[in-house]
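First comes the structure, then the notes that go with it.
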Amino acid sequence: MLKKTTFYFLKICLTILIFGVLVWQVHPGELWLAFQQANLFLIGCSLLLMPVNLLLQTLKWQSLAGIVKPEISFRESLYTLLKSMTVGFVTPGRIGEYSRAVFVKDADWKTTLGVVILDKFYNLALIFGIGLFSLVLFTQHRFLPRWAFVPGLIIAIMFVLFLILLMNFPIYFQYPLKHWQKKLPSTNFFHKLVSGIICLQTTVAQKVFWLALFSYVTFCSQLLLLLNAFQPVSAKIAVKTIPAVFFVKALLPISIGDLGVREGAAIFLLKHYQIANSHAFNASFLLFFINLIIPSLMGWLLFLLEKYPLRGKQ
(Lines give C-alpha, C1' and ligand atoms only; values in the text may rest on other atoms or scores of the structure.)
Protein backbone atom coordinates (compact mmCIF):
# COMPACT_ATOMS: atom_id res chain seq x y z
CA MET A 1 0.00 0.00 0.00
CA LEU A 2 2.89 2.32 0.86
CA LYS A 3 4.53 1.62 -2.50
CA LYS A 4 1.31 2.47 -4.35
CA THR A 5 0.93 5.70 -2.38
CA THR A 6 4.54 6.65 -3.09
CA PHE A 7 4.14 5.85 -6.79
CA TYR A 8 0.97 7.93 -7.02
CA PHE A 9 2.63 10.82 -5.15
CA LEU A 10 5.55 10.73 -7.59
CA LYS A 11 3.11 10.81 -10.52
CA ILE A 12 1.45 13.92 -9.07
CA CYS A 13 4.84 15.57 -8.61
CA LEU A 14 5.83 14.66 -12.19
CA THR A 15 2.56 16.07 -13.54
CA ILE A 16 3.04 19.35 -11.65
CA LEU A 17 6.67 19.53 -12.81
CA ILE A 18 5.88 18.92 -16.51
CA PHE A 19 2.94 21.32 -16.52
CA GLY A 20 4.81 23.95 -14.52
CA VAL A 21 7.84 23.87 -16.81
CA LEU A 22 5.62 24.29 -19.88
CA VAL A 23 3.75 27.25 -18.36
CA TRP A 24 7.06 28.85 -17.34
CA GLN A 25 8.58 28.39 -20.81
CA VAL A 26 5.56 29.73 -22.66
CA HIS A 27 5.10 32.48 -20.03
CA PRO A 28 1.80 33.04 -18.16
CA GLY A 29 1.44 36.54 -19.57
CA GLU A 30 1.41 35.25 -23.16
CA LEU A 31 -1.10 32.56 -22.24
CA TRP A 32 -3.46 35.08 -20.67
CA LEU A 33 -3.10 37.50 -23.58
CA ALA A 34 -3.91 34.70 -26.03
CA PHE A 35 -7.06 33.87 -24.06
CA GLN A 36 -8.19 37.50 -24.14
CA GLN A 37 -7.87 37.59 -27.92
CA ALA A 38 -9.43 34.17 -28.56
CA ASN A 39 -12.50 33.60 -30.75
CA LEU A 40 -15.16 32.66 -28.20
CA PHE A 41 -17.54 31.41 -30.89
CA LEU A 42 -15.11 28.69 -32.02
CA ILE A 43 -14.42 27.74 -28.40
CA GLY A 44 -18.17 27.48 -27.88
CA CYS A 45 -18.50 25.24 -30.97
CA SER A 46 -15.84 22.93 -29.54
CA LEU A 47 -17.69 22.88 -26.23
CA LEU A 48 -20.93 21.94 -27.99
CA LEU A 49 -19.20 18.91 -29.51
CA MET A 50 -18.54 17.53 -26.01
CA PRO A 51 -22.06 16.10 -25.55
CA VAL A 52 -21.85 14.70 -29.09
CA ASN A 53 -18.66 12.93 -28.09
CA LEU A 54 -20.24 11.65 -24.88
CA LEU A 55 -23.19 10.34 -26.89
CA LEU A 56 -20.89 8.45 -29.28
CA GLN A 57 -18.82 7.00 -26.43
CA THR A 58 -21.94 5.97 -24.52
CA LEU A 59 -23.48 4.23 -27.55
CA LYS A 60 -20.18 2.44 -28.15
CA TRP A 61 -19.97 1.32 -24.53
CA GLN A 62 -23.65 0.26 -24.51
CA SER A 63 -23.03 -1.91 -27.60
CA LEU A 64 -20.06 -3.59 -25.95
CA ALA A 65 -21.57 -3.88 -22.47
CA GLY A 66 -24.50 -5.70 -24.07
CA ILE A 67 -22.14 -8.68 -24.39
CA VAL A 68 -22.32 -9.26 -20.62
CA LYS A 69 -25.61 -7.53 -19.92
CA PRO A 70 -27.97 -7.49 -22.95
CA GLU A 71 -30.60 -5.41 -21.12
CA ILE A 72 -28.23 -2.57 -20.16
CA SER A 73 -29.88 0.81 -20.72
CA PHE A 74 -28.46 3.96 -22.24
CA ARG A 75 -28.73 5.64 -18.85
CA GLU A 76 -26.72 2.98 -17.03
CA SER A 77 -24.15 2.99 -19.83
CA LEU A 78 -23.76 6.77 -19.52
CA TYR A 79 -23.53 6.67 -15.72
CA THR A 80 -20.90 3.93 -15.67
CA LEU A 81 -18.91 5.76 -18.36
CA LEU A 82 -18.92 9.06 -16.44
CA LYS A 83 -17.98 7.45 -13.14
CA SER A 84 -15.07 5.59 -14.72
CA MET A 85 -13.89 8.86 -16.28
CA THR A 86 -13.81 10.38 -12.80
CA VAL A 87 -11.61 7.56 -11.53
CA GLY A 88 -9.52 7.72 -14.69
CA PHE A 89 -8.95 11.45 -14.25
CA VAL A 90 -6.81 10.93 -11.14
CA THR A 91 -4.76 8.01 -12.48
CA PRO A 92 -1.74 8.00 -14.83
CA GLY A 93 -2.65 7.12 -18.39
CA ARG A 94 -6.31 7.18 -17.22
CA ILE A 95 -5.95 3.54 -16.23
CA GLY A 96 -8.68 4.09 -13.66
CA GLU A 97 -11.23 4.01 -16.48
CA TYR A 98 -11.01 0.21 -16.29
CA SER A 99 -13.02 0.59 -13.06
CA ARG A 100 -16.04 0.73 -15.36
CA ALA A 101 -16.17 -3.05 -15.01
CA VAL A 102 -17.26 -2.87 -11.36
CA PHE A 103 -19.92 -0.21 -11.97
CA VAL A 104 -22.09 -2.41 -14.23
CA LYS A 105 -24.76 -3.93 -12.00
CA ASP A 106 -25.68 -7.62 -12.08
CA ALA A 107 -22.71 -8.59 -14.26
CA ASP A 108 -19.53 -10.48 -13.49
CA TRP A 109 -16.87 -7.79 -13.18
CA LYS A 110 -14.08 -10.02 -14.50
CA THR A 111 -15.92 -10.72 -17.74
CA THR A 112 -16.96 -7.07 -17.96
CA LEU A 113 -13.30 -6.10 -17.61
CA GLY A 114 -12.63 -8.00 -20.84
CA VAL A 115 -15.31 -5.88 -22.51
CA VAL A 116 -13.70 -2.68 -21.17
CA ILE A 117 -10.39 -3.86 -22.68
CA LEU A 118 -12.19 -4.19 -26.03
CA ASP A 119 -13.49 -0.64 -25.67
CA LYS A 120 -9.96 0.62 -24.98
CA PHE A 121 -8.56 -1.43 -27.86
CA TYR A 122 -10.81 0.29 -30.39
CA ASN A 123 -9.87 3.72 -29.07
CA LEU A 124 -6.13 3.04 -28.94
CA ALA A 125 -6.04 1.25 -32.30
CA LEU A 126 -7.40 4.36 -34.01
CA ILE A 127 -5.12 6.67 -32.04
CA PHE A 128 -1.99 4.67 -32.86
CA GLY A 129 -2.95 3.78 -36.42
CA ILE A 130 -4.01 7.23 -37.63
CA GLY A 131 -1.44 8.90 -35.37
CA LEU A 132 1.42 6.92 -36.90
CA PHE A 133 0.24 7.87 -40.40
CA SER A 134 0.10 11.52 -39.30
CA LEU A 135 3.59 11.37 -37.80
CA VAL A 136 5.04 9.98 -41.02
CA LEU A 137 3.51 12.92 -42.92
CA PHE A 138 4.87 15.32 -40.29
CA THR A 139 8.42 13.97 -40.52
CA GLN A 140 8.53 14.42 -44.29
CA HIS A 141 11.51 16.68 -45.14
CA ARG A 142 12.22 17.11 -41.41
CA PHE A 143 13.44 14.06 -39.56
CA LEU A 144 13.25 11.36 -42.23
CA PRO A 145 15.53 11.28 -45.28
CA ARG A 146 13.72 11.47 -48.61
CA TRP A 147 14.40 7.83 -49.40
CA ALA A 148 12.74 6.70 -46.13
CA PHE A 149 9.50 8.67 -46.50
CA VAL A 150 7.72 6.44 -49.05
CA PRO A 151 8.57 3.14 -47.26
CA GLY A 152 7.51 4.73 -43.96
CA LEU A 153 4.23 5.86 -45.50
CA ILE A 154 3.57 2.38 -46.92
CA ILE A 155 4.26 0.77 -43.54
CA ALA A 156 1.91 3.24 -41.81
CA ILE A 157 -0.87 2.59 -44.34
CA MET A 158 -0.44 -1.18 -44.00
CA PHE A 159 -0.56 -0.85 -40.21
CA VAL A 160 -3.78 1.16 -40.39
CA LEU A 161 -5.37 -1.37 -42.74
CA PHE A 162 -4.30 -4.22 -40.47
CA LEU A 163 -5.93 -2.54 -37.46
CA ILE A 164 -9.11 -1.84 -39.44
CA LEU A 165 -9.25 -5.52 -40.38
CA LEU A 166 -8.87 -6.60 -36.73
CA MET A 167 -11.49 -4.12 -35.53
CA ASN A 168 -14.09 -5.15 -38.11
CA PHE A 169 -13.41 -8.89 -38.04
CA PRO A 170 -12.55 -9.77 -34.41
CA ILE A 171 -12.34 -13.50 -35.19
CA TYR A 172 -8.71 -12.93 -36.19
CA PHE A 173 -7.65 -11.95 -32.65
CA GLN A 174 -10.28 -14.08 -30.90
CA TYR A 175 -9.03 -17.40 -32.27
CA PRO A 176 -5.67 -17.46 -30.39
CA LEU A 177 -7.45 -16.23 -27.24
CA LYS A 178 -9.99 -19.08 -27.46
CA HIS A 179 -7.15 -21.56 -27.83
CA TRP A 180 -5.43 -20.12 -24.76
CA GLN A 181 -8.67 -20.00 -22.74
CA LYS A 182 -9.23 -23.75 -23.18
CA LYS A 183 -6.05 -24.39 -21.20
CA LEU A 184 -7.32 -22.40 -18.21
CA PRO A 185 -9.74 -23.61 -15.51
CA SER A 186 -13.18 -22.01 -15.67
CA THR A 187 -12.65 -20.34 -12.30
CA ASN A 188 -9.44 -18.68 -13.41
CA PHE A 189 -9.44 -14.86 -13.58
CA PHE A 190 -8.09 -14.76 -17.13
CA HIS A 191 -10.60 -17.37 -18.28
CA LYS A 192 -13.45 -15.04 -17.34
CA LEU A 193 -11.67 -11.96 -18.66
CA VAL A 194 -11.11 -13.56 -22.07
CA SER A 195 -14.80 -14.57 -22.14
CA GLY A 196 -15.71 -10.91 -22.43
CA ILE A 197 -13.39 -10.52 -25.43
CA ILE A 198 -14.19 -13.61 -27.46
CA CYS A 199 -17.96 -13.06 -27.31
CA LEU A 200 -17.72 -9.98 -29.54
CA GLN A 201 -19.65 -10.64 -32.74
CA THR A 202 -18.73 -9.22 -36.15
CA THR A 203 -21.91 -7.12 -36.48
CA VAL A 204 -21.32 -5.52 -33.06
CA ALA A 205 -17.61 -5.04 -33.84
CA GLN A 206 -18.37 -3.15 -37.04
CA LYS A 207 -20.87 -0.92 -35.24
CA VAL A 208 -18.34 -0.22 -32.48
CA PHE A 209 -15.66 0.55 -35.08
CA TRP A 210 -17.74 3.27 -36.72
CA LEU A 211 -18.78 4.77 -33.38
CA ALA A 212 -15.13 4.82 -32.27
CA LEU A 213 -14.09 6.41 -35.57
CA PHE A 214 -16.76 9.13 -35.35
CA SER A 215 -15.73 9.80 -31.76
CA TYR A 216 -12.08 10.11 -32.82
CA VAL A 217 -12.99 12.51 -35.63
CA THR A 218 -15.00 14.56 -33.12
CA PHE A 219 -11.97 14.81 -30.81
CA CYS A 220 -9.81 15.97 -33.73
CA SER A 221 -12.47 18.47 -34.82
CA GLN A 222 -12.63 19.92 -31.33
CA LEU A 223 -8.88 20.50 -31.23
CA LEU A 224 -8.94 22.03 -34.72
CA LEU A 225 -11.70 24.44 -33.66
CA LEU A 226 -9.78 25.39 -30.53
CA LEU A 227 -6.57 25.99 -32.47
CA ASN A 228 -8.42 28.19 -34.95
CA ALA A 229 -9.90 30.10 -32.04
CA PHE A 230 -6.38 31.40 -31.35
CA GLN A 231 -4.69 31.29 -34.76
CA PRO A 232 -5.73 30.11 -38.24
CA VAL A 233 -4.71 26.48 -38.84
CA SER A 234 -5.31 24.86 -42.24
CA ALA A 235 -6.71 21.37 -42.74
CA LYS A 236 -3.37 20.30 -44.24
CA ILE A 237 -1.50 21.26 -41.08
CA ALA A 238 -4.21 19.66 -38.94
CA VAL A 239 -3.84 16.29 -40.69
CA LYS A 240 -0.09 16.31 -40.04
CA THR A 241 -0.25 17.37 -36.38
CA ILE A 242 -3.53 16.76 -34.53
CA PRO A 243 -3.56 12.93 -34.79
CA ALA A 244 0.14 13.00 -33.90
CA VAL A 245 -0.66 14.92 -30.69
CA PHE A 246 -3.08 12.18 -29.60
CA PHE A 247 -0.51 9.54 -30.61
CA VAL A 248 2.23 11.04 -28.41
CA LYS A 249 -0.21 11.50 -25.53
CA ALA A 250 -1.24 7.84 -25.65
CA LEU A 251 2.37 6.72 -26.09
CA LEU A 252 3.55 8.54 -22.95
CA PRO A 253 1.00 7.92 -20.14
CA ILE A 254 3.31 9.41 -17.50
CA SER A 255 1.16 12.12 -15.94
CA ILE A 256 -2.21 12.47 -14.24
CA GLY A 257 -4.88 12.99 -16.91
CA ASP A 258 -2.05 13.25 -19.49
CA LEU A 259 -1.67 16.84 -18.29
CA GLY A 260 1.46 18.43 -19.70
CA VAL A 261 2.17 15.65 -22.20
CA ARG A 262 -0.69 16.71 -24.47
CA GLU A 263 0.30 20.37 -24.26
CA GLY A 264 3.99 19.63 -24.79
CA ALA A 265 3.28 17.50 -27.86
CA ALA A 266 1.04 20.21 -29.33
CA ILE A 267 3.70 22.88 -28.81
CA PHE A 268 6.47 20.76 -30.34
CA LEU A 269 4.51 19.70 -33.42
CA LEU A 270 2.73 22.95 -34.19
CA LYS A 271 5.73 25.25 -33.78
CA HIS A 272 7.07 23.78 -37.04
CA TYR A 273 4.13 25.48 -38.79
CA GLN A 274 4.60 28.87 -37.10
CA ILE A 275 1.80 28.28 -34.59
CA ALA A 276 2.57 30.24 -31.42
CA ASN A 277 3.42 28.16 -28.36
CA SER A 278 0.79 29.98 -26.29
CA HIS A 279 -1.89 29.16 -28.86
CA ALA A 280 -0.96 25.46 -29.05
CA PHE A 281 -0.84 25.25 -25.24
CA ASN A 282 -4.17 26.99 -24.68
CA ALA A 283 -5.98 24.94 -27.34
CA SER A 284 -4.75 21.60 -25.98
CA PHE A 285 -5.45 22.62 -22.37
CA LEU A 286 -8.99 23.70 -23.27
CA LEU A 287 -9.49 20.31 -24.92
CA PHE A 288 -8.41 18.71 -21.63
CA PHE A 289 -10.87 20.89 -19.72
CA ILE A 290 -13.80 20.24 -22.07
CA ASN A 291 -13.40 16.51 -22.61
CA LEU A 292 -11.97 15.38 -19.28
CA ILE A 293 -12.61 17.82 -16.45
CA ILE A 294 -16.27 18.50 -17.26
CA PRO A 295 -17.28 14.81 -17.68
CA SER A 296 -15.20 13.91 -14.61
CA LEU A 297 -17.10 16.48 -12.54
CA MET A 298 -20.36 14.99 -13.82
CA GLY A 299 -19.17 11.54 -12.73
CA TRP A 300 -18.13 12.93 -9.35
CA LEU A 301 -21.67 14.27 -8.85
CA LEU A 302 -23.03 10.80 -9.62
CA PHE A 303 -20.77 9.37 -6.91
CA LEU A 304 -22.19 11.89 -4.45
CA LEU A 305 -25.78 11.17 -5.43
CA GLU A 306 -25.44 7.37 -5.30
CA LYS A 307 -25.36 5.82 -1.87
CA TYR A 308 -23.63 2.64 -3.04
CA PRO A 309 -21.85 3.35 -6.37
CA LEU A 310 -20.02 0.01 -6.58
CA ARG A 311 -22.32 -2.36 -8.45
CA GLY A 312 -25.32 -1.24 -6.42
CA LYS A 313 -24.20 -3.27 -3.37
CA GLN A 314 -23.24 -2.21 0.11
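The values are calculated or read from the model by the stated rules, or taken from the named source; none is laboratory data. Treat the numbers as computed from the prediction; the structure is a model and nothing was measured. No Cβ is skipped: glycine too gets one built from the backbone with ideal geometry, and neighbour counts run over all protein chains shown.
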Please pick out the residue among Phe89, Phe74 that is closer than 30 Å to Asn168 by Cβ and touching a helix residue (DSSP H, G or I) at 6+ places or on another chain (Cβ under 9 Å). Phe74
Scan region 82-127 for residues that are buried (at least 20 other Cβ atoms within 10 Å of the Cβ), of a type in the set (D, E, K, R) and in contact (Cβ under 8 Å) with a residue 40 or more places away in the chain and jot them down. Lys83, Arg94, Asp119
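Conditions tested, residue by residue: (1) of a type in the set (Val, Ile, Thr); (2) part of a helix (DSSP H, G or I); (3) under 24 Å from Ile294 (Cα atoms).
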site	(1), (2), (3)
Ile18	yes, yes, yes
Leu22	no, yes, yes
Gly29	no, yes, no
Phe35	no, yes, yes
Ile43	yes, yes, yes
Ser46	no, yes, yes
Met50	no, yes, yes
Lys60	no, yes, yes
Lys69	no, no, no
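Only one of Phe209, Phe303, Phe288, Phe281 is assigned to a helix (DSSP H, G or I), within 13 Å of the chain's Cα centre (by Cα) and hydrophobic (A, V, I, L, M, F, W, C). Can you tell me which? Quick ask: steps written out before the conclusion?
Numbers: Phe209 fails: within 13 Å of the chain's Cα centre (by Cα); Phe303 fails: within 13 Å of the chain's Cα centre (by Cα); Phe281 fails: within 13 Å of the chain's Cα centre (by Cα).
Among Phe209, Phe303, Phe288, Phe281, only Phe288 is assigned to a helix (DSSP H, G or I), within 13 Å of the chain's Cα centre (by Cα) and hydrophobic (A, V, I, L, M, F, W, C).
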Only one of (1) free of Cβ contacts under 8 Å to residues at least 12 places away in the same chain; (2) within 23 Å of Leu193 (Cα to Cα); (3) not aromatic (Phe, Trp, Tyr) does not apply to Lys178, and that is (1)
Taking region 217-261 as the search range and keeping residues that are β-branched (Val, Ile, Thr) and assigned to a loop (DSSP other than H, G, I, E, B), which one is surrounded by the most Cβ atoms within 10 Å (Cβ to Cβ)? Val233
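Please enumerate the residues belonging to region 186-239 that are small (Gly, Ala, Ser) and free of Cβ contacts under 8 Å to residues at least 24 places away in the same chain.
Here is the first cut: in region 186-239, the ones small (Gly, Ala, Ser) are 186, 195-196, 205, 212, 215, 221, 229, 234-235, 238.
Across region 186-239, the qualifying residues are Ser186, Ser234, Ala235, Ala238.
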Cβ pairs under 7 Å, 6+ apart or interchain, first in region 152-172 and under 17 Å from Asn123 (Cβ atoms), second not in a helix (DSSP H, G or I), ordered by first then second residue, are Pro170/Leu200
Does at least one position in region 42-59 carry a residue that is surrounded by 18 or more Cβ atoms within 10 Å (Cβ to Cβ), closer than 30 Å to Ser99 by Cα and at pLDDT below 95? no
Search result, residues across region 145-178 that are surrounded by 13 or more Cβ atoms within 10 Å (Cβ to Cβ), among the aromatic types (Phe, Trp, Tyr) and modelled with pLDDT under 85: Phe149, Phe173
